[in-house]
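For reference, the structure is listed below as structure tokens.
The values are calculated or read from the model by the stated rules, or taken from the named source; none is laboratory data. The shown structure was predicted, so the numbers you read here are calculated from the model rather than taken from an experiment. With ideal geometry, Cβ positions are generated from the backbone for all residues, glycine too; neighbour counts draw on all protein chains shown. Areas reflect the complete protein model, heavy atoms only, side chains present, ligands, DNA and RNA absent. Shrake-Rupley method; radii C 1.70, N 1.55, O 1.52, S 1.80 Å.
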Amino acid sequence: MKFKFSFIFYLLLLTAYSFAAVNDSTSVVDYSLNSNWQFRQSDSTHWYPAEIPGCVHTDLINNKLIGDPYYGLNEQSLQWIGKTDWDYQSKFNLPDSVFNRKNIELVFDGLDTYAEVYLNDSLVLSADNMFRTWKIPCKNLLRHTGNLLWIHFKNVFEVNMPKIENAPFKLLDGDNNDQSDTMSAMYARKAQFHFGWDWGPRLITCGIWRNVFLQSWDDLKINNVQVIQNNVSKEKAGINAFINVQSDSDEHASVGVTVDGNVYAAISCQLQKGDNKIPVSFEISNPNLWWTNGLGSHYLYTFVFNVKQANGESDSDTEKIGIRSLELVREKDKYGVSFYVRLNGVPVFMKGANYVPEDNFQNRVTAARYEHMIESAAEAHMNILRVWGGGIYENNEFYNLCDRYGIIVWQEFAFACAMYPSDSLFLDNVKHEVVDNVTRLRNHASLALYCGNNENVIGWYNWGWRDQYPRDIQNKYDHDMYELYNHLIPDAIHEVDTTRYYLYTSPSAGFNGVTNSEGDIHYWGVWHGKEPFDSFNSMDNIARFVSEYGFQSYPEINTIKKFAAPEDMQLHSPVMLSHQRCMTDDRKDKEYGNRLIKWYMDRWFNEPKDFEMYVYISQVLQAEGIKVAMEAHRRNMPYCMGSMYWQLDDCWPVASWSSIDYYGNWKALQYYAEKAYRTFLISFVPKNNGLGIYIISDSLAGIPAELNIRVMDFDGNKVYEKEFPLTIEPDSSIEYVSINKDELIGKSDESKIVLIAQLKAADRILSDNTYLFQKPKDLKLEKPQIKVTSVKTDDGYELTLTSDKFAKDVYLSFDKDKGFFADNYFDLLPGEAKRVILQTNQNIDNLESKLKVISLVDSYK
């Protein structure tokens, strides 16, 4: 059979190759309508220029009609915007290349949220979901010149109040709050964080938040392509592709697929009028596999799919695809039920963070901002980000970057910390939302799993929501919630993607009898529970995957200066409290977050001498605490196979759990994560009579190495030193060394010594870590004399720091608009040089005199 088919197949390959070579253009034309927009308040007659993509808040800012919502207390005076109706309009002409096509659709990639769309005075769309793509056939409504596109955005409260008033029972959110303005969030298919969160402002946007364009074609177009990978190995990868083609008539067509310019498939087919799903299968030999950050390359193949009718009409689609086998393994094992990612046959420990939208105004998140954030995650050796359910389904740029940098994506659907309606209109809307977004994202190598919601199920069963209702309502919502997260969403996913694991909720353990040994958890005993940092080490708080944990800090002083005047720079000022959103559930105690930081700070550090030093110590405190957790999770592999702290980023300048602030500045936690998430990690476990030293390896290969252990006093005098030759086992966490305390420190004063561990292989330092025998507040630190010299390099400056004393958490500060320190918040050993790269494109005279260098003891009163 293969020989009979081979000659025909060869001819078809030649046809497809010829088609691919000459078809440099497509018959489908996308004509942007992003320009020439105006907006107004609906009861006004005056129009102002608008930017698309955008939102009403940034349009008001750009026209100097409001101040910066992030500055001072401005947010509080701008709540009227979300309670107001707004109009947008654009006038446009059409070139012949669009107007003369047989088919034209008006396409909105995103409308926020309740929008009535008129084209040349005809109502063509009533949108009700921020997350959907809207396509409207409009050929018969268009004119060559003088077209008017007009959109009326209704405020969410006006639309949702009748729904709330007529609901069979009131819904609750994460604050056990049944206020109608908060409930509007649950009834609107809109980013939930717009209504305020414990790290974000309440700024309820509307507008055309993604691209709008006309898509025109004559006889056919490719709507989308799905690429399914089967039996992937280093020897071969089976590819099943499905090309979804819309045709205006019954017509013969040729279909070709090239991969990196090489023809892999060529077939002929009969298109039927309407929608067609054309299957194409082939194999790629010796594929260059896609690996996560730290394990290998993130190679992306360029797939080009071509469809050409006999009459010459054609279309093509290009996809960047990484070839890999990826699965979330949920199997019974000796501990309970596993929860780990297996990539290309290899179990991979997931190291990462939770990701929230980078701005309340999404149009401000440029490609450069996206790249900075994903690159920062990669530089900190992360291999996973959780796209949290209270935000948005991220822009394509986000997933493209995760593909490029080898960052796996845990994708949640847009439900968070609340109860949701269950009427048929709501559920049908959600179904379309799921299909739209899964279809858009399913070809990304980085996309690992889907999750139904954030904390909605545990909130219902464990946070007291259920207990507030009579038994009949309890039973009804048990059913409604199950139908939404266990049927409707996974069924909708399955229509367009059968290849990925679906987790119905996160956390999946900690309620209804599901234990930590069977799923993922969100652990908040540290922070909300006031448990000590050592609680991170307890097996009671470690699960198969720890998908949330965290601790707050303030952003750096340079960030605070951008939203607060000098007189506002005190912890209890109204401005600082407005930029601290961790409050009690009733929203009355605005000091709650500040008190928690101070409660922990008093137990770990001495009193800061001023506000700026308080900010600095808060970052060190956050980093020290989360370091305990990151190390504990990695140390307990393979029982625990994932650690994602809350949170990577901020949507505005604020005190929060982030490791990178709103302006992209790395906080102390991000620098600590860079060390704790390296391929090799040294971790210490105190024992009654000594210290256990673990080495954790994510490498797939065993490595001969040497572990050097030193103890010195704060003046640099040697107390202990020993080198241990060893072989690091691949993909492992092993206690390699256990040292008796008497041998290690003798009679030395524990408050005046530091242990330094270095792991070396082939004269290269794989990992280093320090261990202090007392809490920072109990250390007898002396003020160090730190000297800095600099040498100009191609991409900035190489700084060399030396100190006469042990200096803890040395912080280098500089004009952040001019440079970035590759290392910061580090311990500086007496008499040893530390080199730090300052990345900058500036030539800076007298750089040393412009640097601010702070160590922990400098910050105390």
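Hey, among the residues in segment 809-836 that are hydrophobic (A, V, I, L, M, F, W, C) and at pLDDT below 95, which one's nearest to ILE854 (Cα to Cα)?
Filtering segment 809-836 down to residues hydrophobic (A, V, I, L, M, F, W, C) leaves 810, 812, 814, 820-822, 826, 828-829, 833, 836.
Now drop any that are not at pLDDT below 95, which leaves 814, 820.
Details: PHE814: 12, PHE820: 16 Å.
Residue satisfying both the conditions and the ranking: PHE814.
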Open item on the list: Just the residues that are closer than 24 Å to GLU158 by Cβ and either of a type in the set (D, E, K, R) or touching a Cys at 6+ places or on another chain (Cβ under 7 Å) (or both), please, taken from segment 37-96.
Closed with: ARG40, ASP43, CYS55, VAL56, ASP59, GLU75, LYS83, ASP85, TRP86, ASP87
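To keep it simple, each residue is scored yes or no on (1) touching a residue at least 40 places away in the same chain (Cβ under 8 Å); (2) farther than 24 Å from HIS522 by Cβ; (3) of a type in the set (A, V, I, L, M, F, W, C).
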position	(1), (2), (3)
VAL435	yes, yes, yes
GLY452	yes, no, no
ASN456	yes, no, no
GLY459	yes, no, no
ARG466	no, no, no
Open item on the list: Looking at (1) open to solvent by 10 Å² or more (accessible area, probe 1.4 Å); (2) of a type in the set (D, E, K, R); (3) touching a helix residue (DSSP H, G or I) at 6+ places or on another chain (Cβ under 8 Å), which one does GLU518 not meet, given that it meets all the others?
Closed with: (3)
Open item on the list: Considering only residues that are of a type in the set (Lys, Arg) and assigned to a helix (DSSP H, G or I), which ones fall in segment 641-693?
Closed with: LYS675
Task: Long-range neighbours under 7 Å by Cβ, at least six apart or interchain, first residue of a type in the set (Phe, Trp, Tyr) within segment 790-801, second open to solvent by 30 Å² or more (accessible area, probe 1.4 Å) - done: TYR797/SER790; TYR797/VAL791
Task: Selection within segment 74-104 - under 30 Å from GLU313 (Cβ atoms), open to solvent by less than 10 Å² (accessible area, probe 1.4 Å) and assigned to a helix (DSSP H, G or I) - done: VAL98
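Here are some residues: SER699, SER658. Which one is among the hydroxyl-bearing types (Ser, Thr, Tyr), in contact (Cβ under 8 Å) with a residue 12 or more places away in the chain and buried (at least 23 other Cβ atoms within 10 Å of the Cβ)?
Values: SER699 fails: buried (at least 23 other Cβ atoms within 10 Å of the Cβ).
Among SER699, SER658, only SER658 is among the hydroxyl-bearing types (Ser, Thr, Tyr), in contact (Cβ under 8 Å) with a residue 12 or more places away in the chain and buried (at least 23 other Cβ atoms within 10 Å of the Cβ).
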- [ ] Check segment 546-569 and report whether any residue there is touching a helix residue (DSSP H, G or I) at 6+ places or on another chain (Cβ under 8 Å), among the small types (Gly, Ala, Ser), within 28 Å of GLU412 (Cα to Cα) and at pLDDT 95 or above.
- [x] yes
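Based on what the data block shows, is THR292 within 21 Å of GLY238 (Cα to Cα), open to solvent by 20 Å² or more (accessible area, probe 1.4 Å), within 38 Å of the chain's Cα centre (by Cα) and of a type in the set (Val, Ile, Thr)? So that I can check it myself, show each step before the final result.
Numbers: within 21 Å of GLY238 (Cα to Cα): yes; open to solvent by 20 Å² or more (accessible area, probe 1.4 Å): no; within 38 Å of the chain's Cα centre (by Cα): yes; of a type in the set (Val, Ile, Thr): yes.
So THR292 does not fit the description; no.
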- [ ] Inspect segment 831-845 for any residue being charged (D, E, K, R), in contact with a Gly (Cβ under 8 Å, 6 or more places away or on another chain) and over 26 Å from LEU669 (Cβ atoms) and give the result as yes or no.
- [x] no
- [ ] Mind listing just one residue for me: the one in segment 816-861 that is surrounded by 13 or more Cβ atoms within 10 Å (Cβ to Cβ) and of a type in the set (Lys, Arg) and, of those, nearest to the chain's Cα centre (by Cα)?
- [x] LYS816
Task: Set SER508, SER553: member being farther than 23 Å from ASP602 by Cβ and buried (at least 20 other Cβ atoms within 10 Å of the Cβ) - done: SER508
Task: Close pairs (7 angstrom Cβ cut-off, 6 or more residues apart or separate chains): within 19 Å of GLU51 (Cβ to Cβ) and among the charged types (D, E, K, R) in segment 81-99, open to solvent by less than 30 Å² (accessible area, probe 1.4 Å) and assigned to a loop (DSSP other than H, G, I, E, B) anywhere - done: none
Open item on the list: If the requirement is being surrounded by fewer than 23 Cβ atoms within 10 Å (Cβ to Cβ), touching a Pro at 6+ places or on another chain (Cβ under 8 Å) and over 25 Å from ILE626 (Cα atoms), which of these qualifies: VAL365, VAL304?
Closed with: VAL365
Open item on the list: Checking the structure you have, find out if any residue of segment 737-745 is modelled with pLDDT of 95 or more and touching a helix residue (DSSP H, G or I) at 6+ places or on another chain (Cβ under 7 Å).
Closed with: no
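May I ask you to say which residue of ASP219, ASP248 is closer than 29 Å to ASP96 by Cα, surrounded by fewer than 18 Cβ atoms within 10 Å (Cβ to Cβ), of a type in the set (D, E, K, R) and in contact (Cβ under 8 Å) with a residue 24 or more places away in the chain? Steps first, please.
On the way: ASP219 fails: surrounded by fewer than 18 Cβ atoms within 10 Å (Cβ to Cβ).
Result of the check over ASP219, ASP248: ASP248.
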Open item on the list: With the structure loaded, tell me whether SER813 is open to solvent by 30 Å² or more (accessible area, probe 1.4 Å), within 30 Å of MET712 (Cα to Cα) and hydroxyl-bearing (Ser, Thr, Tyr) or whether it fails that test.
Closed with: no
